[in-house]
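Engineer: A single structure is presented below for examination.
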Amino acid sequence: MSETSHHPGDAAGLRARFGALIARSDTLALLWLALPMIGMTLSRMLMGFIDFYMVSQLGTDAQAAIYPSALLLFTIGCVGMGLTQGVQTFVSQAEGRGEPQRAGAYVWQALYIALIAAAVSAPIALLVPRWFPFLAVLGGHPPAVESLEIAFLSVTFWAIGPMTACAGLESFYNGVRRPIIGFAAMGVSLVGNVIGNYALIFGHWGMPALGIAGAGIATLAAWCLRLMVLLTPLMWRGLVERYRLNDWRPKAARLGEVVHLGGPVAFQWLVDIGAWFVFTQLMIPPFGSVEMAAAGLAIQYMHLSFMPALGVGLALTTQVGNAIGAGSPETAARKVRAARRLICGYMSAMGLVFVTCGGWLAERLCFEQEAEVRAAVIASATLMLVWVAVFQFSDAVCVVYSFAARGAGDTRVPALLFALCCWGIFVPFGLLLSRGAPQLGAHGPWSMCTLYILVLGVLLWRRFHSGAWRQIRIFADAPPAETAATAQQAAPAPAAALGAEADAGEPVSPG
């Protein structure tokens, strides 16, 4: 019986064959690049769920306070976070052009945007006890819930600066095909958040029991920890040299370009998240606590469907940006078709699960002790999941074409389409049916939610297939002919992207 010899070249050969296999399939290449991004989006969802679960142990008032507080934080924070999303488009296209050295200046401008966001949010955080009561009155929040919301937001609004910086850095790493860095940072912050919650909410390990304020402190600390992890690779020699990360100086022109491209994304996020804020806080509450609980349950499962799709969408933005930068719009279109098959297939399958297993799914997340109320919540959530199933395919289309357009630099028109559908269909007619046709119950608002997503999917599909994105140029000069032709070979291959950071070299100080 002979022993098998292992040569040093075996691992490299296996890696090369694996890379070649992925390179032959657009779908596999997209999925491989997207895996860390999917993990990152699912981790974000998990962090929100953990906060909700741990704070819920403080009682009904705390449970009622945590979700709207977290949603309000993200609604305001999404402005700065959205502004930095243009970084991914610029760096991915620079990579595709064979000019990776252009990328460094853009990530630094995102960090300057984060500093501005921190400065602007500071007075908002300081004055939460002054301005939030007006919002609480508008939403009809009970006084006990209002005081808890103030305690949470007074701390977490200080996280807007780190949130914005993290968004910009993750956009950079996603754009240069190193999403594993963002995934690792998210994992570290998730662990930190759980530990902080355990210690500060309940007073373990000698810490004071601060309740929901402790959850706020843990959230702030988790964002700061995540930022520290994301900043570290900016000192890796390989990355510094390839992307010229020592180009740290403020540049008005580059900053303007990031804002010009990211501004519509921030607006799109704001109108979309704002519409869901109205849905959960104004449309559904008139129908009572059972419908509110059922809606929250349905939305949790909706997250399980679209969060992985968002991860694939982020990878698609990078692929489209690379292809456009290399002067190959046909390659970009081919990548979009692969993403459409993957995302639409997954979300349609989830829709089928919601229809066939809705009752079983509702039972898994319903913890109500009173049998009659529990049965009512499960029955209502089961019907709501049918509404969610109806728009899964169209929601998938929205994800595909909005992220593809972003990679090409087409952000203004998609943002306007989001605003038109969210605030021209969903919000006004959802409120109208909620108040004017109460006999429909929560099905009135859910029907308008479904209609807006169906219409938006058609509009985004038409926008992309109009070919307008092919005419957009985010760089004034043409790409160098030789470097553009070889850009895809020079960029980190999908199979190597997960391990690229290990080869980046020793740390150096940017500057």
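Engineer: To the nearest 20 Debye, how big is the dipole of the chain about its Cα centre, given +1 on the beta carbon of each Lys and Arg and -1 on that of each Asp and Glu?
Structural biologist: With only Lys, Arg, Asp and Glu charged at Cβ, the dipole is about 1280 debye.
Engineer: Quick check: Cα centre of segment 313-332 to Cα centre of segment 176-196, how many Å?
Structural biologist: Taking the Cα centre of each part, segment 313-332 and segment 176-196 sit 26 Å apart.
Engineer: Cα atoms only: what Rg and Dmax, in Å, come out for segment 208-285?
Structural biologist: Rg, Dmax (Cα atoms, Å): 19.3, 55.
Engineer: Now for a separate question. Using the number of other C-beta atoms within 10 angstrom as an exposure proxy, rank Thr156, Thr318 with the fewest first. Walk me through the numbers before you get to the answer.
Structural biologist: Working: Thr156 26, Thr318 32.
Ordered from fewest to most neighbouring Cβ atoms within 10 Å, Thr156, Thr318 come out as Thr156, Thr318.
Engineer: Shifting gears a bit: Relative contact order of segment 261-471: what whole-number percent is it, with Cα pairs under 8 angstrom and at least 6 residues apart? Intermediate values should be presented prior to the final figure.
Structural biologist: Numbers: 260 pairs, mean separation 65.8, N = 211.
Relative contact order comes out at 31 percent.
Engineer: For segment 261-471, what are the per-bin percents of Cα-Cα distances with bins 10 Å wide, up to the bin holding the maximum?
Structural biologist: Cα pair-distance distribution for segment 261-471, in percent: 9, 32, 33, 18, 7, 1, 0.
Engineer: Next question. Residues in segment 150-172, backbone N under 14 Å from the label point at Leu126 (7 Å along the Cα-to-beta-carbon vector): list them, ranges by number please.
Structural biologist: Flagged as within label range: 158.
Engineer: Which order do the peptides 61-69, 41-49, 171-179 take when ranked by the mean count of other beta-carbon atoms within 10 Å per residue, highest first? List each step's numbers first, then the result.
Structural biologist: Details: 61-69: 21.4, 41-49: 17.8, 171-179: 26.9.
Ranked from most to least packed, the peptides come out as 171-179, 61-69, 41-49.
Engineer: Taking the beta-carbon count within 10 Å as an exposure proxy, list His303, His260, His141, His465 from fewest neighbours to most. Please report the intermediate quantities before stating the final value.
Structural biologist: Details: His303 18, His260 15, His141 21, His465 12.
Least crowded to most crowded, the residues run His465, His260, His303, His141.
Engineer: Counting alpha carbon pairs within less than 8 Å and at least 6 residues apart, what relative contact order, in whole percent, applies to segment 32-250? Don't skip to the answer; put the middle values down first.
Structural biologist: On the way: 312 pairs, mean separation 65.1, N = 219.
The normalised contact order for segment 32-250 reaches 30 percent.
Engineer: Which value in deg cm²/dmol, rounded to the nearest 500, describes the helix-derived mean residue ellipticity at 222 nm for the chain, given -39,500 (n - 2.57) per DSSP H run of n ≥ 4 and division by the residue count?
Structural biologist: -26000 deg cm²/dmol, from helical runs alone.
Engineer: When Rg is the radius of gyration of the Cα atoms in segment 32-250 and Rh is its Kirkwood radius, what does Rg/Rh come to? If you can, show how the numbers build up before the last one.
Structural biologist: Numbers: Rg = 18.5 Å, Rh = 18.2 Å.
Rg/Rh: 1.02.
Engineer: Taking the highest mean first, how do the peptides 201-213, 380-392 order by number of other beta carbon atoms within 10 angstrom per residue? Please list the in-between numbers first.
Structural biologist: Working: 201-213: 15.6, 380-392: 22.4.
So the peptides 201-213, 380-392, ranked by packing, come out 380-392, 201-213.
Engineer: Can you tell me which of 367-376, 441-450, 190-199 comes out highest on packing, and rank the rest after it, using the mean Cβ neighbours within 10 Å? Can you show the working numbers first?
Structural biologist: Details: 367-376: 12.1, 441-450: 22.1, 190-199: 18.5.
The packing order, highest mean first, is 441-450, 190-199, 367-376.
Engineer: Once you order the gyration tensor axes a ≥ b ≥ c over the Cα atoms, which shape class does segment 25-92 get: rounded for a/c under 1.5, otherwise prolate or oblate by comparing a/b with b/c?
Structural biologist: The shape class here is oblate.
Engineer: So what is the relative contact order for the chain, in percent, with contacts set as C-alpha pairs under 8 Å and at least six apart? Show your work: numbers first, answer last.
Structural biologist: Working: 828 pairs, mean separation 124.6, N = 511.
Answer for the chain is 24 percent.
Engineer: Just the projected area, averaged over all directions, of the convex hull on the alpha carbon atoms of segment 84-145: how many nm²? Can you show the working numbers first?
Structural biologist: Numbers: hull surface 24.3 nm².
Result: 6.1 nm².
Engineer: Once both axes come from the Cα atoms, what is the angle between helix 179-202 and the longest principal axis of the chain, in degrees from 0 to 90, rounded to 10?
Structural biologist: Roughly 30 degrees between the two axes.
Engineer: Once the Cα atoms of the chain are picked out, what are the Rg and Dmax in Å?
Structural biologist: 23.4, 82
No value in this document is a laboratory result; all are computed from the given coordinates. Source: prediction; values computed, not measured. Note that we place each Cβ from the backbone using ideal geometry, even for glycine, and neighbour counts take in every protein chain shown.
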